[in-house]
Amino acid sequence: MKGYKFEETLHIAEQVYDELERIPSTRGEVVIDNRFNQSIGQRIRDAKLMGFPLALCVSKQALASEGGDETVEILDLYEGESQRVALQEITSYLSARVATVQHHLV
């Protein structure tokens with residue numbers, strides 16, 4: 001399990017985490033679930049139970065997406081929908097999502 005792709009996906013997850021921690025609206029709101037002994041399904045169920053609205057999945061399949069663009073999968077845990085977003089667009093995409101949610105809460 002801990003081969004080249006594992007190291008690559010973990011590195012990308014940490015990069016995304018660092019970028020999101022620099023944004024005031026997402027600072028302190030991002031968690032990396034590194035329980036690699038758990039299935040992705042179990043980790044997603046746990047995230048939903050803990051009240052996280054979104055989950056980002058960095059997988060080797062996403063990294064090998066068509067067109068050569070690295071993507072991450074964003075799961076909306078309340079709506080049950082998913083969307084692939086290019087890695088270079090992830091911070092702007094999530095900033096916009098967070099701003100929308102915060103606007104509706106006010």
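If you rank 17, 78 by how much accessible surface each has, with a 1.4 Å probe, what is the order from largest down?
Accessible-area ranking of 17, 78, largest first: 78, 17.
Could you pull the accessible area for residue 36 with a 1.4 Å probe, rounded to 10 Å²?
60 Å²
Residues of the stretch 1-60: accessible area per residue at 1.4 Å, in Å²?
69 Å²
Kindly state, to the nearest 0.05, the FRET efficiency for residue 38 paired with residue 18, given R0 = 35 Å and r defined as their beta-carbon distance.
That gives a FRET efficiency of 0.90.
Give the ranking of 35, 43, 22 by solvent-accessible surface, highest area first, calculated with a 1.4 Å probe.
Order by accessible area, largest first: 22, 35, 43.
In whole percent, how big is the carbon plus sulfur part of the accessible area of the stretch 15-61, probe 1.4 Å, protein atoms only? Working shown, then result.
Values: 1690 of 3210 Å².
Carbon and sulfur: 53 percent of the exposed surface of the stretch 15-61.
5 Å is the cut-off here: which amide hydrogens, built 1.01 Å from N in the peptide plane, fall below it relative to residue 71, excluding neighbours closer than 5 in sequence?
The list, which skips near neighbours in sequence, is 63, 65, 87.
The values are calculated or read from the model by the stated rules, or taken from the named source; none is laboratory data. Quick caveat: nothing in here was measured; it's all calculated off a predicted structure. Note that we place each Cβ from the backbone using ideal geometry, even for glycine, and neighbour counts take in every protein chain shown. Accessible surface is based on the protein model in full, side chains and every heavy atom, while ligands, DNA and RNA are left aside. Shrake-Rupley method; radii C 1.70, N 1.55, O 1.52, S 1.80 Å.
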